[in-house]
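Undergrad: Shown below is the structure under consideration.
Quick note: the coordinates plus some simple rules give every number you see, no bench work behind them. Not measured: the values here are computed from a predicted model. For neighbour counting, all protein chains shown are included, and Cβ atoms are generated from backbone atoms with ideal geometry for every residue, glycine included.
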Amino acid sequence: MEKDWYKDLVVYQIYPKSFMDSNNDGIGDIKGIISKLDYIKSIGVNAIWLSPVYCSPFKDNGYDISNYKDIAPVFGTMDDFKEFLTKAHNLELKVIMDLVINHTSDEHEWFKISSKSRDNAYSDYYIWHDPVDGHEPNNWESCFGGSAWEYVKERDQYYLHLFSKGQPDLNYSSPKLKKEIFDMVRWWCELGVDGFRVDAISYLEKAPFTYSPNKENAMGYAFCMDICSGREGTHSIIKELRKIFDEYNCMSVGEVSVSNVEELYKYSSDSRKEFNMAIPFIPPVVEIDTFTPSNMRKSIIESYEILKSDGCWARFLSNHDKPRQVSLYGDDKKYYKESAKLLALITHLLPGTPFIYQGEEIGMTNIYYPTLSEYDDIDTKNFYEHELAEGKSKEDAFKRAQMVSRDNARSPMQWDDTLYGGFSNSKPWLGVNDNHTTINVKNENNDITSILNFYRNIIKIRLTSKALRRGTLEFIFKDSEKLFAYKRELDGEEYVVITNFSKDEELINFPFDNYTLVISNYNSNYSKSSLTLKPYEALLLKRK
Ligand code: GLC
Ligand code: CA
């Protein structure tokens, strides 16, 4: 296999609960995924990242694992998984597993035993602390809001949970626990998986418990970052993990909370031998409040500069924790198709490995359920309570919760225009978006101008051009607030991406004569030296 093969991947993320239901219980499953492998292949991607399919009580939708070495019955069996792996491999699709090792479920056997007494085989697998003056050991809060401590009577102690109380944090200062986790990772490698997306990994080592961050300045995720993101102990555990990945030639992408590019460098540079690349986690509420195209460009430039000679980037605008990209960064109304295609073009023609989140390729949009009870996501519910506590009215709190909700990305995949979008014949666990009557795979398959077919073209273009995968990056029109444009170059091959990331028209001067058009989202004439770009117009040119 070629060195750095992970730089030539285009990854498709599946959120199993919402992808395809094979047995009509309203919940997606592995057999459903198998039935759609040909579709996934038809997009042109060459890897699948599977969000967790392990045993779980689903308090955080599978990111709370109760058995690492088995499949949740609602998703199928280990045999189904093996069939999926073989069939994916036969189609030359790599399989990347989600690895959730910062915490387990509170229903994991280890935790059940650990909670029973202070002196048992698993008693130090989690982070336990005596009460202080009859209360929580300190003022730490969880990422999802509320105290990060939960009391257990049998031990007369509190355990730490940086996420929900159903997700107790593991204690990596226990050598036995660490070995157990590493053995489990090997077990999956032996089974033949090709890589791992490693969940919430920047939090492994905690700060001393006497550390007390200022509550006024930080809530939820920000609070946890302050407590324990990126500590040296965490980096050394990642380095140990990397050795296992390397033995099996597995790729790795870490999901990390970072506050600047220097921290991103630590996780994703080649020379430090941690991950091959990293997914920086930014809370949706922060993105909603701060997003502008020029901020996006600024952060891409910064991370490019710091990693260009020594690392790789995970390129994504969507995942199961974020609002839908066309609703968040584009315009899901008037310039819906144009902006969805612009976002695809930008992401797939940058250096770094592109990730597509299921449904993004057909331009799925945010879902706005009319009442809180229709939401499932624990984070949405806690966020709503938090906004109320901050003094917002019920109406305003709910509106904000609808915008940031992780359920925006989790509504079922829209396969066709039938009652439940072809996802299932029974009422799905989470409501299908009403717009499935027009936005669906079946419609878009047959329409050469669809978002889906645009993705297929763009991916093909990327995978057949080394300059677009490995070439240098140089931003052009840097002074414009509206244009997001760049050059890619390798061994004399040069491409130019020009996009008008705005709702307005924009006049540009550019020597179009010297280039041929490869693809665009409008039928403009790109031959004069000046041109008025239409709203969200996006094009790729190749130097003659
Ligand atoms: C990551 C996951 C998210 C989950 C959290 C806790 O951020 O992407 O879905 O809730 O970790 O495991
Ligand atoms: Ca099912």
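Undergrad: If you rank Ser105, Ser520 by fewest surrounding Cβ atoms within 10 Å, what's the result?
TA: Ser520, Ser105
Undergrad: Another question about this same structure. Calculated FRET efficiency, Thr418 and Asp4, Cβ-Cβ r, R0 41 Å, to nearest 0.05?
TA: Details: r = 43 Å, r/R0 = 1.06.
The calculated FRET efficiency here is 0.40.
Undergrad: Let me ask something else. Ranking request for peptides 111-119, 192-200: highest mean number of other beta-carbon atoms within 10 Å first, then the rest in descending order.
TA: Details: 111-119: 15.8, 192-200: 22.6.
Listed from highest to lowest mean packing, they are 192-200, 111-119.
Undergrad: From the cross-link list Lys41/Lys82; Lys7/Lys273; Lys482/Lys544; Lys215/Lys239, which pairs have alpha carbons spaced over 25 Å apart?
TA: Exceeds cut-off: Lys482/Lys544; Lys215/Lys239.
Undergrad: What distance in nm lies between label points placed 7 Å from Cα along the C-beta direction at Tyr39 and Glu489?
TA: It works out to 4.3 nm between the two label points.
Undergrad: Could you size up the charge dipole of the stretch 395-535 around its Cα centre, putting +1 on the beta carbon of Lys and Arg and -1 on that of Asp and Glu, and report it in debye to the nearest 20?
TA: 460
Undergrad: Say each of Glu395 and Lys239 gets a label point 7 Å from the Cα, pointing the same way as Cα to Cβ; how far apart are those two points in nm?
TA: Distance between the two pseudo-spin positions: 5.7 nm.
Undergrad: While we're on this one: Quickly work out the Lys215-to-His129 label distance, labels modelled 7 Å from Cα along the C-beta direction, and quote it in nm with one decimal.
TA: If labels sit at His129 and Lys215, their model points lie 1.4 nm apart.
Undergrad: Taking 0.36 nm per residue of separation and subtracting the Cα-Cα distance, what length does fully extending Lys466 through Ser309 add?
TA: Numbers: separation 157, 0.36 × 157 = 56.52 nm, distance 1.65 nm.
Value of the extension gain: 54.9 nm.
Undergrad: Here's a follow-up. Spelling out what I want: for every residue of the stretch 399-414, take phi, set θ = phi - 60°, compute 6.51 cos²θ - 1.76 cosθ + 1.60 (Karplus), and round to whole Hz; glycine and proline get x.
TA: So the Karplus estimates, Gly and Pro as x, are 4, 5, 4, 4, 5, 8, 3, 6, 5, 3, 8, 9, 5, x, 4, 9 Hz.
Undergrad: So, one more: Give me a comma-separated list of calculated 3J(HN,Hα) values for the stretch 151-157, in order, Karplus coefficients 6.51, -1.76, 1.60 applied at θ = phi - 60°, integers in Hz, x for any Gly or Pro.
TA: Each residue of the stretch 151-157 in turn: 8, 10, 4, 3, 9, 6, 9 Hz.
Undergrad: Provide the FRET efficiency to the nearest 0.05 for the Leu517-Asn425 pair, computing r from the beta carbons and using R0 = 45 Å.
TA: Result of the calculation: an efficiency of 0.50.
Undergrad: A follow-up question, please. By count of other Cβ within 10 Å, fewest leading, how are Thr449, Thr380 ordered?
TA: With the fewest neighbours first, Thr449, Thr380 line up as Thr449, Thr380.
Undergrad: May I ask you to sort Thr104, Thr371 by Cβ crowding, counting other Cβ atoms within 10 Å and putting the fewest first?
TA: By the 10 Å Cβ count, ascending: Thr371, Thr104.
Undergrad: Between Glu481 and Asp70, what is 0.36 nm times their sequence separation minus the Cα-Cα distance? Round to one decimal in nm.
TA: Working: separation 411, 0.36 × 411 = 147.96 nm, distance 5.03 nm.
Answer, rounded to one decimal: 142.9 nm.
Undergrad: What number, rounded to the nearest 500 deg cm²/dmol, is the helix-based mean residue ellipticity at 222 nm of the chain, given -39500 (n - 2.57) per DSSP H run of at least four residues and division by all its residues? Working shown, then result.
TA: Values: 17 runs with 167 residues, N = 544.
Computed mean residue ellipticity for the chain: -9000 deg cm²/dmol.
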